[in-house]
Amino acid sequence: MSSLKSSKTEGVSDVERGLLRDSVRELLSKRWPPDQAVERSGNADSIAALWRDLAGQGLAALGADSAEAGVREILLVFEELGRASCPAPLLGAVGMNLALARQQSNAMRAMLEDLHQGKATVALALGAFDGDAAAGQVEMRGDTLSGKIAFVEGAQTATHFVVLTGRPAGVAVVASGAPGLKIDVTPGLAVPPFSELTFDNTSATYVALSPEALADIVLVARLACAGRALGAAERAFGLAVDNAKIRKQFGQLIGQFQAVQHKLANCLISLDGARLSLEAAADARDNDNPDWPVFAASALAFAGPALRAVSIETHRALGAIGYAEEHEAPRHFRRVHADLARFGGVRAARAALADFALGPAE
């Protein structure tokens, strides 16, 4: 495996990255405050308004030009979305930018312009490339799309869908109101819930991409969701630490109990390890390391169990608060587990590492 290169001499500096984090966090604190996140998550108008604000900061263009913002910056923004329990449709935007930024057709350029201005919202449907056997798949037949895809986030508020196709390899862009498209909401851990899309000879615009390019998009999406889970776990950890400083049991603060101290210390170690592993994978991608998928699989294989453990321990440390739906803590618990279970989860990441180390199974 190639060694991880040093960061590019050109691009986003650590100082600029810090400014980006501060800017996104400040915007979300004003536009998506924790005490209003529950009701706003189910409000399409609130999500659309927030998306326009994020687009105004240039975040809708993430993934379009790696020289201006790479995967490190994508992960940073997703981490902030996780901290704020914010369902902004950024995953679809990143997927569309990665897939179509180099396309020269007027139609694709106009669609990207609408996306970058916040006029369009996109849901990303991975299908056969999802990593989960239950995700389904679709097929292009001429100018129409047929098949079924599950586990699509942001479908209820999307104006367009970017659908990865295996036969032939590429992406299909579908308008939300296209005849033959059916959207079924599938409630679960994620908030807002995922949806299942059914395409029945649905008109679509097809763009050919290599299987390698599609695999790259999927890996970036997986890292982005892991980054969002990291942000949610960090926020829940902060709530648990604050609670340990004020909550008393047996006449003393629970933060003074050694058992609680040790568990929270382990959580901090896991959070730092997950962050470092995800950043290393993003650096490998941004620096064109040919082995970057191995770094990504390693990061996902480590971060999954680490962040789940943090989520469970902070849930316990918070006590009854962790079950109170009016509190933000349960939202972070759901976000961590929903994001880390996606795309085949840890099993798929470990399988990729096994293939690298031992060769593909015959």
**OP:** List every residue whose amide H lies under 5 Å from the amide H of residue 151, counting only residues 5 or more places away in sequence or on a different chain, with H placed 1.01 Å from N in the peptide plane.
**Re:** 195
Original post:
Which percent of the accessible area of the chain is formed by carbon and sulfur heavy atoms (probe 1.4 angstrom)?
Top reply: 53
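Given a 1.4 angstrom probe, what's the average accessible area per residue across the range 1-151, in square angstrom?
For the range 1-151, the per-residue accessible area is 48 Å².
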**OP:** Take the chain, connect every pair of alpha-carbon atoms lying under 10 Å apart with a spring to form a Gaussian network, then pick out the residue of 165, 186, 121 with the largest mean-square fluctuation.
**Re:** 186
Original post:
Calculated FRET efficiency, residue 203 and residue 139, Cβ-Cβ r, R0 22 Å, to nearest 0.05?
Top reply: 0.95
**OP:** Please give the helix 44-56 orientation as an angle from the longest Cα principal axis of the chain, in degrees from 0 to 90, rounded to the nearest 10.
**Re:** 80
Subject >> Accessible surface, per residue, of the range 180-266 when the full set of protein chains is kept, probe 1.4 Å, Å² >> reply: 47
Subject >> 5 angstrom amide H check on residue 165, placed H, neighbours 5+ away >> reply: 170, 171, 172
Subject >> Value of relative contact order over the range 7-87, rounded to a whole percent, pairs C-alpha under 8 Å and six or more apart >> reply: 45
**OP:** Specify the angular offset, from 0 to 90 degrees and rounded to the nearest 10, of the alpha carbon long axis of helix 292-318 from the longest principal axis of the alpha carbons in the chain.
**Re:** 40
Original post:
Relative contact order of the chain: what whole-number percent is it, with Cα pairs under 8 angstrom and at least 6 residues apart?
Top reply: 18
Subject >> the chain - mean residue ellipticity at 222 nm from DSSP helices (-39,500 (n - 2.57) per run, n ≥ 4, rounded to 500) >> reply: -17500 deg cm²/dmol
**OP:** Enumerate by residue number the chymotrypsin sites (Phe, Trp or Tyr not before Pro) in the range 198-264 meeting two conditions: DSSP loop (anything except H, G, I, E, B), and at most 13 other Cβ atoms within 10 Å of the site's Cβ.
**Re:** 250
Subject >> Extension gain from residue 249 to residue 351, taking 0.36 nm per residue of separation minus the Cα-Cα distance >> reply: 32.2 nm
Subject >> Per-residue ³J(HN,Hα) for the range 223-239, Karplus 6.51 cos²θ - 1.76 cosθ + 1.60, θ = phi - 60°, Hz, x for Gly and Pro >> reply: 5, 4, 5, 5, x, 5, 5, 4, x, 5, 5, 4, 5, 5, 4, x, 5
Subject >> Spherically averaged projected area in nm², based on the convex hull that wraps the Cα atoms of the chain >> reply: 18.8
Subject >> Assigned charges on the beta-carbon of Lys, Arg, Asp, Glu; the range 81-141 dipole about Cα centre (debye) >> reply: 200
**OP:** Enter the angle in degrees (range 0 to 90, nearest 10) between the Cα long axis of helix 14-31 and the first principal axis of the Cα atoms of the chain, meaning the one along which they spread out most.
**Re:** 80
**OP:** For the chain, with a Gaussian network of springs between Cα atoms less than 10 Å apart, report the residue from 195, 85, 23 with the top mean-square fluctuation.
**Re:** 23
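What FRET efficiency, computed as 1/(1 + (r/R0)^6) with R0 = 56 Å and r the Cβ-Cβ distance, is obtained for residue 146 and residue 291, rounded to the nearest 0.05?
0.95
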Original post:
Between the DSSP loop rule and a limit of at most 12 other Cβ atoms within 10 Å, which GluC sites (Glu not before Pro) in the range 290-336 are left?
Top reply: 325, 326
Original post:
With the chain treated as a Gaussian network of Cα nodes joined by springs under 10 Å, which of 281, 88, 134 yields the largest mean-square fluctuation?
Top reply: 134
**OP:** Take the Cα pairs of the range 202-319, get the Kirkwood Rh, then feed it into Stokes-Einstein at 37 °C and 0.692 mPa s and tell me D in µm²/s.
**Re:** 203
Original post:
So for the pair residue 65, residue 16, with labels modelled 7 Å out along Cα→Cβ, what separation do we get in nm?
Top reply: 1.0
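The values are calculated or read from the model by the stated rules, or taken from the named source; none is laboratory data. This one's a predicted model, so the numbers in the text were calculated from it and none came from an experiment. No Cβ is skipped: glycine too gets one built from the backbone with ideal geometry, and neighbour counts run over all protein chains shown. Just the protein is used for accessible areas: all its heavy atoms, side chains included, with ligands, DNA and RNA removed. Shrake-Rupley method; radii C 1.70, N 1.55, O 1.52, S 1.80 Å.
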